[in-house]
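What follows is one structure encoded as structure tokens, with my remarks underneath.
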Amino acid sequence: MCAGTNHGVVVIMKMINCQYGYVSPIELKVFSELDRELKQKQRRAKQHGAFNLHKGGDDHAKSKTL
């Protein structure tokens with residue numbers, strides 16, 4: 001787990017166990033930011049109806065009665 005050297009001094013990074021496995025604190029921050037950005041994009045797309053396959057509103061739900 002040697003992250004690098006700094007003028008002859010060995011620096012050991014602390015690894016954190018998270019949903020991505022064992023990662024460094026910097027990687028955890030990057031993964032968290034990417035996840036947050038992806039969730040925001042998905043939420044915005046859902047609000048604008050980007051994933052709505054049935055453009056007729058509730059017509060599809062009414063025609064699907066058993």
Restricting to the stretch 4-49, name every residue that is in a helix (DSSP H, G or I) and polar (S, T, N, Q). Ser32, Gln40, Gln42, Gln47
Long-range neighbours under 7 Å by Cβ, at least six apart or interchain, first residue at pLDDT below 90 within the stretch 8-37, second part of a loop (DSSP other than H, G, I, E, B) and among the polar types (S, T, N, Q): Met13/Ser24
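The values are calculated or read from the model by the stated rules, or taken from the named source; none is laboratory data. These figures come from a predicted structure and were not determined experimentally. For neighbour counting, all protein chains shown are included, and Cβ atoms are generated from backbone atoms with ideal geometry for every residue, glycine included.
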